[in-house]
Amino acid sequence: MGFIEEIKRRRTFAIISHPDAGKTTLTEKLLLFGGAIHVAGAVKSNKIKKTATSDFMEIEKQRGISVATSVMGFEYDGFKVNILDTPGHQDFAEDTFRTLTAVDSVIIVVDAAKGVETQTRKLMEVCRMRNTPVIVFINKMDRPSKDPFDLLDEVEEELKIKVRPLSWPIGNGTEFRGVYNLLEENLYVFEPNKQTLEEGISIQDVNDDRLVDYIGDSAAELFREELELVEGVYPKFEMDTYRDGQVAPVFFGSALNNFGVRELLHCFLKIAPSPLPSTAVERQVEPDETKFSGFVFKIHANMDPNHRNRLAFLKICSGKFERNTNYYHVGLGKNMKFSSPTAFMADKKSIIDEAYPGDIVGIPDSGNFKIGDTLTGGEKLHYKGLPSFSPELFRYIENADPMKSKQLAKGIDQLMDEGVAQLFVSQFNGRKVIGTVGALQFEVIQYRLLHEYGASCRYEPINLYKACWIRSEDKAQLDDFKKRKHQYMAKDKQGRDVFMADSGYMLQMAQDNFKNIEFHFTSEF
Ligand code: G4P
């Protein structure tokens, strides 16, 4: 197969949702349909759950929270599908944001009874910022659900995106009879069935008498009326508006019952974009350029407790990636080659010889990579879009075991490279401050420092409201600001100036009084 065909057949996407809406279940079902895993149903089976969530880290097993973001690739109907899993817990939102920089489209799972929830809303903001095409899957139709029209209105309003249903549910809860596929004009009759992949019975025409046989008189009548309304209210589906991130196609189903998942997958493969161009600081890079380029969007430590190695997740943006070939690490300014890059195929990793744009490659790493690093065939490119967010929770971190100060320093350094949290050094008292966006990270850091580096730390409270990066062309004003706010100044890991405000009022006053200073709330500016 040629280089261009390889790119065209790739679909790299993430499934996102508020916790419990059914992301894991849907992921499993897609893997089942893709033949990537073979045990049907059995969401409760630990083995499957582990496969689908790829919880590599011990801490994750302990807490039962999907801390890790993993990749699941599989072949289906000539397509190479790459699903990037995202942690559900909101304290790991930053991980999810970074993963979203590596996908070309997104499937959002919404619980039909709960509608749009907070986490979904936040994640959608990131998609909107990047104009990522989204498909909405309204899940759990086998449970008592909100009215489908109300749900669609809610999605439009809450997620601020136009919708176009591509399937339509008939009833819900115990009255759930099936879904009608508006694109294929097929009716799929629902039979609760958790164990097999069998489809419902297909009926081509809504006026077919068999419709009544399957769903009954009144349901058939209501359904025909609703269908008329759907076609009247929503504009026809257009590929362009979906691809531009303006309109979200919507599907209804029940992931747990394998229902509506096949339609979703088929339609997704048909309409979702193949790898899109990527934006570097220097220029836009097309996936079909022959020279290789890619960036690291995630670093995973402690994959195997017996080996210290980390795994850097590299998204390929252009060209073909080949094993044992020299590539340029732009950040370090040196060439490197990789003898054992791995591909992620559902439940297993394997060493690969080549990979294409859209693919994610795992590179064993002993400390050369940090999040956001670019690797190329020689060109000095810097990929954008992997900002750290201005943290909101802060603690001083102190060494609790004087014998292990080296280990502690190394551990903190590496965990920060992974993007677990951010480290600031106070210019006032020289103390180290850890800043995070979620409270759980403090525990994660403490646990991992101990288990992976043998170092103990303790935290001390610090009263801070927000840290933001400052910059100014006006050197005199900047110097004046730094002098006056000496107590509140810190440096980040790259040595940049950070202002640590202890209240919203203080931050506001600083912004009002120092007009020539830019206050930045993400690290990319
Ligand atoms: P998440 O990854 O988005 O957090 O959600 P997950 O798939 O783990 O699903 C959350 C719960 O919702 C699970 O139940 C799952 O079985 C259930 N679920 C998913 N899809 C459907 C559906 O279509 N219909 C119904 N009725 N339930 C669904 P749980 O009891 O919390 O977990 P488990 O013990 O079943 O694993």
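The values are calculated or read from the model by the stated rules, or taken from the named source; none is laboratory data. Quantities reported herein were computed from a predicted structural model and do not represent experimental measurements. Here the Cβ positions follow ideal geometry from the backbone for every residue, glycine too, while neighbour counts run over all protein chains shown.
Picking from L211, L222, L229, L151, which residue would you name as being within 16 Å of the ligand (Cβ to nearest atom), hydrophobic (A, V, I, L, M, F, W, C) and either part of a helix (DSSP H, G or I) or not assigned by TED's automatic domain parsing to the domain that holds I16 (or both)?
Exactly one of L211, L222, L229, L151 is within 16 Å of the ligand (Cβ to nearest atom), hydrophobic (A, V, I, L, M, F, W, C) and either part of a helix (DSSP H, G or I) or not assigned by TED's automatic domain parsing to the domain that holds I16 (or both), namely L151.
Given the conditions (1) farther than 20 Å from F344 by Cα; (2) away from the ligand (no atom under 15 Å from the Cβ); (3) modelled with pLDDT under 50; (4) aliphatic (A, V, I, L, M), and given that I65 satisfies all but one, which numbered condition is not satisfied?
Of everything listed in (1) farther than 20 Å from F344 by Cα; (2) away from the ligand (no atom under 15 Å from the Cβ); (3) modelled with pLDDT under 50; (4) aliphatic (A, V, I, L, M), I65 misses just condition (2).
Would a scan of the stretch 176-184 turn up a residue that is within 16 Å of the ligand (Cβ to nearest atom), part of a loop (DSSP other than H, G, I, E, B), among the β-branched types (V, I, T) and within 33 Å of the chain's Cα centre (by Cα)?
No; the residues of the stretch 176-184 include none that is within 16 Å of the ligand (Cβ to nearest atom), part of a loop (DSSP other than H, G, I, E, B), among the β-branched types (V, I, T) and within 33 Å of the chain's Cα centre (by Cα).
Taking the stated definitions as given, is G419 within 25 Å of the chain's Cα centre (by Cα), at positive phi and not in a strand (DSSP E or B)? Break it down stepwise before answering.
Values: within 25 Å of the chain's Cα centre (by Cα): yes; at positive phi: yes; not in a strand (DSSP E or B): yes.
Spelling it out, G419 is indeed within 25 Å of the chain's Cα centre (by Cα), at positive phi and not in a strand (DSSP E or B).
Considering the stretch 91-146 alone, what residues qualify as being among the acidic types (D, E), away from the ligand (no atom under 14 Å from the Cβ) and at pLDDT 95 or above?
Answer for the stretch 91-146, where residues must be among the acidic types (D, E), away from the ligand (no atom under 14 Å from the Cβ) and at pLDDT 95 or above: just D104.
Every residue in the stretch 433-457 that is more than 15 Å from Q407 (Cβ to Cβ) and assigned to a strand (DSSP E or B), please.
Residues satisfying the conditions are V433, I434, G435, T436.
For D497, all conditions in the list (1) touching a residue at least 60 places away in the same chain (Cβ under 8 Å); (2) under 30 Å from the mean Cα position of the chain (by Cα); (3) under 26 Å from E518 (Cβ atoms) hold save one; what is the number of the exception?
Only one criterion in (1) touching a residue at least 60 places away in the same chain (Cβ under 8 Å); (2) under 30 Å from the mean Cα position of the chain (by Cα); (3) under 26 Å from E518 (Cβ atoms) is unmet by D497, namely (1).
Can you tell me which residue in the stretch 120-158 is nearest to N172 (Cα to Cα), limited to those that are among the hydroxyl-bearing types (S, T, Y) and under 16 Å from the mean Cα position of the chain (by Cα)?
The initial filter retains those residues of the stretch 120-158 that are among the hydroxyl-bearing types (S, T, Y), namely 120, 132, 145.
Subset that is under 16 Å from the mean Cα position of the chain (by Cα): 120, 132.
Numbers: T120: 22, T132: 30 Å.
Checking each candidate, the answer is T120.
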